[in-house]
1. Looking at 155, 86, 122 in this structure, which one is under 21 Å from residue 34 (Cα atoms) and touching a helix residue (DSSP H, G or I) at 6+ places or on another chain (Cβ under 9 Å)?
2. Read through the list (1) part of a loop (DSSP other than H, G, I, E, B); (2) farther than 30 Å from residue 162 by Cβ, then give the number of the only condition that residue 102 fails.
3. Checking residue 109 against (1) more than 22 Å from residue 140 (Cβ to Cβ); (2) without any contact (Cβ under 8 Å) to a residue 24 or more places away in the chain; (3) outside any loop (DSSP other than H, G, I, E, B), which test does it fail?
4. Would it be correct to say that residue 12 is surrounded by 17 or more Cβ atoms within 10 Å (Cβ to Cβ), in contact with a strand residue (DSSP E or B) (Cβ under 9 Å, 6 or more places away or on another chain) and assigned to a helix (DSSP H, G or I)?
5. Could you list all residues from the range 12-27 that are out of contact with any helix residue (DSSP H, G or I) (no Cβ under 6 Å at 6 or more places or on another chain) and within 11 Å of residue 51 (Cα to Cα)?
6. Could you grab me the full set of residues in the range 138-179 that are more than 17 Å from residue 14 (Cβ to Cβ), touching a residue at least 40 places away in the same chain (Cβ under 8 Å) and in a loop (DSSP other than H, G, I, E, B)?
7. Given the structure, is residue 30 loosely packed, with under 14 Cβ neighbours inside 10 Å, touching a residue at least 24 places away in the same chain (Cβ under 8 Å), assigned by TED's automatic domain parsing to the domain that holds residue 172 and closer than 28 Å to residue 169 by Cα?
8. Test each condition in (1) closer than 20 Å to residue 169 by Cα; (2) in a strand (DSSP E or B) for residue 7 and report the one that comes out false.
């Protein structure tokens, strides 16, 4: 190993989705926290196998949608009752039924912005570099490969011990990822 190389983690290949799922369960049970599973397609139940909790994105979207609806309704109520009170066809100034369309539109708009920005924030995107890019075999994950990667930030991470553990749970082509 060169002196200027950093260790990014360990990568292990698995032969099929079932082996990947069992490997993820064993990683979780062993106490690893900073690991990820890579597959060319979604695997039902992988979140539970990895021990990942439910996302808070739905709550974020709900709160911002509610804020958008309340702000839209309040703005219309203020404009029609205080700022520019006009009588239309003898209707009262505060005719809330007319405010529903704009209120709904702002709720959807605020929720959509919250969903996109929240997704980017929670996913830590954009990610322009990952240590896994140093691996030649990792390119297979988007075609026909199933991988588990363990990040070197994990408290249980140690090059040799982690590699042996991945081999014991069925991993093949185990590679310690190093780069500059």
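1. Among 155, 86, 122, only 122 is under 21 Å from residue 34 (Cα atoms) and touching a helix residue (DSSP H, G or I) at 6+ places or on another chain (Cβ under 9 Å).
2. Going through (1) part of a loop (DSSP other than H, G, I, E, B); (2) farther than 30 Å from residue 162 by Cβ one by one, residue 102 breaks only (1).
3. Looking at each condition in turn, residue 109 falls short on (2).
4. Answer is no for this residue.
5. 26, 27
6. Result: 152, 153, 154, 155, 156, 157.
7. For residue 30, the condition - loosely packed, with under 14 Cβ neighbours inside 10 Å, touching a residue at least 24 places away in the same chain (Cβ under 8 Å), assigned by TED's automatic domain parsing to the domain that holds residue 172 and closer than 28 Å to residue 169 by Cα - is met.
8. All conditions pass for residue 7, except number (1).
The values are calculated or read from the model by the stated rules, or taken from the named source; none is laboratory data. Since the structure is predicted, the reported quantities are computational estimates derived from the model, not experimental observations. No Cβ is skipped: glycine too gets one built from the backbone with ideal geometry, and neighbour counts run over all protein chains shown.
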